[in-house]
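Undergrad: There's a structure below that I have some questions on.
The values are calculated or read from the model by the stated rules, or taken from the named source; none is laboratory data. Values in this document were obtained by computation on a predicted structure and should not be read as measured data. Here the Cβ positions follow ideal geometry from the backbone for every residue, glycine too, while neighbour counts run over all protein chains shown.
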Amino acid sequence: MRIRRAMEPPPWGVFLTHRKFDPPARGCEAALARHHLGGTPIITSRTRRDGCRSSAVSDWLGLFHPSSVSTVLKPQRFLVDSAIAALASKTPTIALAQIPARFTLEALRWVRKIFWRTALITFLAVVILAVVAYFHPQPFLCVDSGDVKADVMVVLGGGVHDRPARAADLYSRRDAPAVILTGEGDDIINWRILRDAGVPAGAIQIENKSLTTRENALYTIKLLRAGHYHRVILVTSWYHSRRALKTFEHYAPDITFYSRPSYFGFARADWNRLGTKRRLRWEFLKLPAYCLRYGINPF
């Protein structure tokens, strides 16, 4: 009996389980030879029009039954189903030619479904994280590097003048031999607080052009590099410490920064009386704003 290979092996990377099939029905001139050569079926070259051809094709399609297919992705399963339908149709050549376009559409639908599911899960995770951070802001906003020594301290302007008092305390512990005050508006008041606390005038340097945390970093980094400072302690309020530390690290990755914040108004009972709650709201808005506008990662 002369036989020929009906189709090449499936090109979709589907692994088939090898199993034996029953012999074809008797009486068909074009008998179906079932032979496994690497999972590829062999079909006779002649078929009768009385149903033997459809019977042979249906037997061959048994290879692609879901029970015979190992784990496949949805687009791959779509290719298998499309091939089954095409071979079983009256015009298999035309039907097979339409599979690539149908596969592309099905793949796009599958990718879109995965995208929206991922977006929904991400959105819910962000909402839950934001709610937890709002009611428990201390672990999210406050960064303290602990007991460290540095070449200089940078005191950021703002707050309620608790920051220079914290810097004076650190100076008395000899954590850093010099202090840089940054920020326009309260630089003179902060200088006086440091002098009253016993910090010598020769150890204090002032930068009074910056108006934002980002400008604090940009202008102060120039002074740090000019003075050849490599280890720097940042002194600010506890709720501002994360954004300040990440901003300085973003613009000067060659310098090592530490955070030693002031804990004034840290207790929840003092938030309303000292206005800390209002500052917390602004900080939760500024953290993502700095990330989106300047690319500063807050984590």
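Undergrad: Residues being farther than 15 Å from I233 by Cα and out of contact with any Ser or Thr (no Cβ under 9 Å at 6 or more places or on another chain): count how many of those fall in the stretch 165-202.
TA: Total satisfying the criteria: 15.
Undergrad: All but one of (1) surrounded by fewer than 24 Cβ atoms within 10 Å (Cβ to Cβ); (2) basic (K, R); (3) within 22 Å of E215 (Cβ to Cβ) hold for R163, so report the exception by its number.
TA: All conditions are met except number (1).
Undergrad: Would you point out which residue out of F103, F123, F140 is farther than 27 Å from F264 by Cβ, of a type in the set (F, W, Y) and either at pLDDT 90 or above or surrounded by 11 or more Cβ atoms within 10 Å (Cβ to Cβ) (or both)?
TA: F103 is the lone residue from the list that is farther than 27 Å from F264 by Cβ, of a type in the set (F, W, Y) and either at pLDDT 90 or above or surrounded by 11 or more Cβ atoms within 10 Å (Cβ to Cβ) (or both).
Undergrad: Identify, from the list D187, D196, the residue that is out of contact with any helix residue (DSSP H, G or I) (no Cβ under 8 Å at 6 or more places or on another chain), surrounded by 16 or more Cβ atoms within 10 Å (Cβ to Cβ) and on the phi < 0 side of the Ramachandran plot.
TA: Selected residue: D187, the only one of D187, D196 that is out of contact with any helix residue (DSSP H, G or I) (no Cβ under 8 Å at 6 or more places or on another chain), surrounded by 16 or more Cβ atoms within 10 Å (Cβ to Cβ) and on the phi < 0 side of the Ramachandran plot.
Undergrad: Restricting attention to helices (runs of 4 or more DSSP H) lying wholly within the stretch 180-299, give those where 1 or more residues are of a type in the set (F, W, Y) and either more than 14 Å from M153 (Cα to Cα) or modelled with pLDDT under 90 (or both).
TA: The qualifying helices (runs of 4 or more DSSP H) are 213-226, 241-251, 271-274, 276-294.
Undergrad: Right, something else. For the stretch 108-145, give me each residue that is touching a residue at least 24 places away in the same chain (Cβ under 8 Å) and either over 23 Å from the mean Cα position of the chain (by Cα) or part of a loop (DSSP other than H, G, I, E, B) (or both).
TA: The answer is P137, Q138, C142, V143, D144, S145.
Undergrad: Then there's this: Only residues in the stretch 176-195 that are within 19 Å of K149 (Cα to Cα) and assigned by TED's automatic domain parsing to the domain that holds F257 count as the first member; pair them with residues that are among the polar types (S, T, N, Q) and in a strand (DSSP E or B), Cβ under 8 angstrom, at least 6 apart or cross-chain, and list the lot.
TA: Partner pairs satisfying both residue conditions: A178/Q205; V179/Q205; I180/Q205; L181/Q205.
Undergrad: Within the stretch 200-214, restricting attention to residues that are of a type in the set (V, I, T) and touching a strand residue (DSSP E or B) at 6+ places or on another chain (Cβ under 6 Å), which residue is farthest from A167 (Cα to Cα)?
TA: Among residues in the stretch 200-214 that are of a type in the set (V, I, T) and touching a strand residue (DSSP E or B) at 6+ places or on another chain (Cβ under 6 Å), the one farthest from A167 (Cα to Cα) is I206.
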